Amino acid sequence: MMVDLLVARKALEQEAAALLRCASELGEPFELAVQMVLDCPGRVITCGLGKSGHIARKTAGTLSSTGTPSFFLHAAEAVHGDLGMVTDRDVVLLYTHSGETDELVRLYPSIRSIGAKAIVITGRAESSAARLSDLVLDTGVTEEACPNNLAPTTSTTVMLALSDALAIAVMDRRKFTREDFAKFHPSGTLGKQLLLRVSDVMRPLAQCSVVRPEDYVIEVIRSMTDAGTGAAIVMGDDGFEGLITESNLRRHLLSQEGGLSGEAREMMNEHPVLVETDLLAMEAFEVFQNHPVKIGEIPVKSGAQIVGLLVLKDLLRSGIV
């Protein structure tokens, strides 16, 4: 077991050292690459084969999710017609550690003919791919963590990290915000936290339990049961008058004066907490969390009008937490 740990630590230390060396050697070529991506009027097309291709595919996703339209082009498919995806408005970001990958090198005459710009990420700054590219980002990797110096390990690790650095630098220059990020991740927790509003989650008034102040307890119970909510909105001739929760109902039934003959006005809370329709759902969740008394429903207003009911279990189902 000790031998296994030594081998593992050596691999990690070698890759970590390569990353630190790459970071220390970043310079003008990297700055030019950032500017080239920012100035690109089309898309950034990542291209690679094998393990380098996996890094290229991941980078396309990272760029796309951080404000730079991008997609992955498989090098082998490119030479059989998929180069038609490339236009003269695009930047092609190519991945090859050796710089001599045949399928990739064969793309350059067509890329040049189309009029697209080419950036290569490679470990061989004097390679064919480097010579044919408009810009070279050199990983500086000369040895893999693989004991046989064969399996792509250190080279792909540095390629990935360098690509992430490029995406983050571009993202920073674009002033890409959390809100921008959420637009591209509407199904993720962050997207829902930054985009989902009370109006998206609330139950409209037509689906709520709505009673009159003079309705008897049995009518309130029936209305709440039919609506499937733990609260009833009390509406009078002049509009909203209060809220009856299951807790209000229980306290009334257990009181000496309580009973099924009591009226809604006798048990309602005339001043419940309210939320606006345009409040972020996450902020509304904090209202539930910070309320001094545990509550499960909050009436929703738009201006001076009550328009629905926000139910805590609906908020939790929305995926904001």
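The values are calculated or read from the model by the stated rules, or taken from the named source; none is laboratory data. Please read all numbers here as calculations on a predicted model, not as lab measurements. Here Cβ is always computed from backbone atoms with ideal geometry, including for glycine, and neighbour counts include all displayed protein chains. Just the protein is used for accessible areas: all its heavy atoms, side chains included, with ligands, DNA and RNA removed. Shrake-Rupley method; radii C 1.70, N 1.55, O 1.52, S 1.80 Å.
Computed quantities for the displayed model
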| item | result |
| --- | --- |
| Kirkwood hydrodynamic radius of the range 1-111, from inverse mean 1/r over distinct Cα pairs, in Å | 15.8 Å |
| Cα long-axis angle, helix 2-24 against the chain (0 to 90 degrees, to the nearest 10) | 80 degrees |
| Derived scalar couplings ³J(HN,Hα) [the range 104-121; Karplus, 6.51 cos²θ - 1.76 cosθ + 1.60; whole Hz; x for Gly, Pro] | 7, 4, 5, 7, 4, x, 6, 4, 5, 5, 5, x, 7, 8, 10, 10, 10, 9 |
| Antiparallel DSSP beta bridges within the chain, as percent of all bridges there, nearest 5 | 40 percent |
| Carbon and sulfur %, accessible surface of the chain computed with the full protein complex present, 1.4 Å | 53 percent |
| Most fluctuating residue given options Leu135, Leu49, Leu150, as computed from a GNM of the chain linking Cα atoms under 10 Å | Leu150 |
| Positive-end extreme of charge dipole, the chain - chosen from Val210, Ser261, His291 (charges on Cβ) | His291 |
| Highest-MSF residue in the chain out of Ala33, Ala78, Ala151 [GNM, Cα springs under 10 Å] | Ala151 |
| Coil-residue chymotrypsin sites (Phe, Trp or Tyr not before Pro) of the range 232-321, DSSP, other Cβ within 10 Å capped at 14 | none |
| Highest-MSF residue in the chain out of Thr154, Thr87, Thr225 [GNM, Cα springs under 10 Å] | Thr225 |
| Diffusion coefficient, µm² s⁻¹, Stokes-Einstein with Kirkwood Rh over alpha-carbon pairs of the chain at 4 °C and 1.567 mPa s | 53 µm²/s |
| Solvent-accessible area per residue, Å², over the chain with all protein chains present [probe radius 1.4 Å] | 53 Å² |
